[in-house]
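These notes concern the structure reproduced below.
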Amino acid sequence: MPMDLTYVGMAGEPTERSWTVKDTLLYAVAVGAGHGDPSRELEFATENSSVAHRVLPSFICVASGGRLPEGFSIDMTRMLHAEMSFELLADLPAEGRVVSTARVDGIYDKGSGALVSTVTDVVDAETGAPLARLGSGLFIRGEGGYGGDRGTKDDWAVPDREPDATIHYDTLPEQALIYRLTGDRNPLHSDPVFAQRAGFPAPILHGMCTYGITARGLLHAVADSDPSVFGSMYGRFTKPVQLGEELDIQVWKTDGGALFRTLDSAGDVVIDRGRVTLRGRP
């Protein structure tokens, strides 16, 4: 059954959001900053000392968000978050207020389902200056197979060499209980009964938590731990991550950024076709 393609190009009402230092600190801890060694990454996990506070680039993904066009509905029981990207156009302040406007960028027929691509432009609420652009791909099961546009093919491929870096992170069994405080309260990530009803033996980690942990690793490995040169990041979600899972981020550096993918302890890819770019570089 085809989705309503007339919504492509349409935007929803602008949405205003704000955050404080408490929110940026919580996000950093929620994606593992300081885990195992509290003295590390203090610039992201503390604010009232000799260490200057800085904001993790991927925080923009929870700090902003826009409404889809009125009347455009998605069956959330069939929806999977398939891909995510963000591009920073300026440094993220420790406290801020933004206006986000989301639009439907495309609807693609993927056979077993439809991929709804959205783009969200984020501007400073006071000055109107562009701050970021977010992209999201929502896969809707059962809405494909109508002979529509399949979208462009991604030419990403694993480089024919060993990774330039592999970053290993352990996640906590309680990681999802911390991350849910950043805004995503879906009980799939906290309630065993709900998770079993959804087809999982136990709660799983938020995909955006895995994404944030990956972004944090890339910040250190590719951008020399400097948020001011972190430009953009894209990744495709390919497998749920269990609570307490170990993650390995494989990084292949390129001119102006890197390719990456994130694996679990079984060696299965959980975030695929990753790209990261640095600001001010080709």
* In this structure, does THR182 turn out to be over 23 Å from MET76 (Cβ atoms), of a type in the set (S, T, N, Q) and not assigned by TED's automatic domain parsing to the domain that holds LEU89? -> no
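What number of residues in the range 101-146 are of a type in the set (S, T, N, Q) and over 29 Å from LEU88 (Cβ atoms)?
First, pick out the residues of the range 101-146 that are of a type in the set (S, T, N, Q): 101, 112, 117-118, 120, 127, 136.
After this cut, where a residue has to be over 29 Å from LEU88 (Cβ atoms) as well, the list is 112.
Going through the range 101-146 one residue at a time, the tally reaches 1.
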* Asked: In the range 1-22, what residues are part of a strand (DSSP E or B) and not acidic (Asp, Glu)?
  -> ALA11, THR15, ARG17, SER18, TRP19
* Kindly list the number of the only condition in (1) under 24 Å from ALA102 (Cα atoms); (2) surrounded by 14 or more Cβ atoms within 10 Å (Cβ to Cβ); (3) not hydrophobic (A, V, I, L, M, F, W, C) that fails for THR6. => (2)
* How many residues does the range 147-171 hold that are of a type in the set (D, E, K, R), touching a residue at least 40 places away in the same chain (Cβ under 8 Å) and in a loop (DSSP other than H, G, I, E, B)? -> 5
* To do: Scan the range 77-133 residue by residue and report those that are within 19 Å of VAL8 (Cα to Cα), more than 14 Å from the chain's Cα centre (by Cα) and of a type in the set (Asp, Glu).
  => ASP105, ASP109, ASP121
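Of all residues in the range 19-35 being closer than 20 Å to LEU134 by Cα and within 15 Å of the chain's Cα centre (by Cα), which is surrounded by the most Cβ atoms within 10 Å (Cβ to Cβ)? Give the steps one after another, and end with the answer.
Of all residues in the range 19-35, those closer than 20 Å to LEU134 by Cα come to 19, 23-24, 27-28, 31.
Filter again for within 15 Å of the chain's Cα centre (by Cα), leaving 27-28, 31.
Values: TYR27: 27, ALA28: 25, VAL31: 30.
So the residue we want is VAL31.
Go through ASP164, ASP170, ASP224, ASP191 for me and flag whichever is touching a Gly at 6+ places or on another chain (Cβ under 9 Å) and more than 17 Å from ILE60 (Cα to Cα).
Numbers: ASP164 fails: touching a Gly at 6+ places or on another chain (Cβ under 9 Å); ASP224 fails: touching a Gly at 6+ places or on another chain (Cβ under 9 Å); ASP191 fails: touching a Gly at 6+ places or on another chain (Cβ under 9 Å).
Sole residue among the options that is touching a Gly at 6+ places or on another chain (Cβ under 9 Å) and more than 17 Å from ILE60 (Cα to Cα): ASP170.
Which of the helices (runs of 4 or more DSSP H) found entirely inside the range 172-282 contain at least 3 residues meeting this: in contact (Cβ under 8 Å) with a residue 24 or more places away in the chain? Spell out the reasoning first.
Numbers: elements: 175-179, 192-197, 207-222.
Where helices (runs of 4 or more DSSP H) fall fully within the range 172-282 and carry at least 3 residues being in contact (Cβ under 8 Å) with a residue 24 or more places away in the chain, they are 175-179, 207-222.
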* Number of positions in the range 223-237 that are under 18 Å from THR166 (Cβ atoms) and surrounded by fewer than 16 Cβ atoms within 10 Å (Cβ to Cβ) -> 2
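Is it the case, given these coordinates, that ARG185 is of a type outside the set (Gly, Ala, Ser) and within 22 Å of VAL29 (Cβ to Cβ)?
Numbers: of a type outside the set (Gly, Ala, Ser): yes; within 22 Å of VAL29 (Cβ to Cβ): yes.
For ARG185, the condition - of a type outside the set (Gly, Ala, Ser) and within 22 Å of VAL29 (Cβ to Cβ) - is met.
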* Asked: If you scan the range 1-41, which residues turn out to be under 30 Å from LEU115 (Cα atoms) and among the polar types (S, T, N, Q)?
  -> THR6, THR15, SER18
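The values are calculated or read from the model by the stated rules, or taken from the named source; none is laboratory data. Quick caveat: nothing in here was measured; it's all calculated off a predicted structure. Note that each Cβ is placed from the backbone with ideal geometry, even for glycine, and that neighbours are counted across all protein chains shown.
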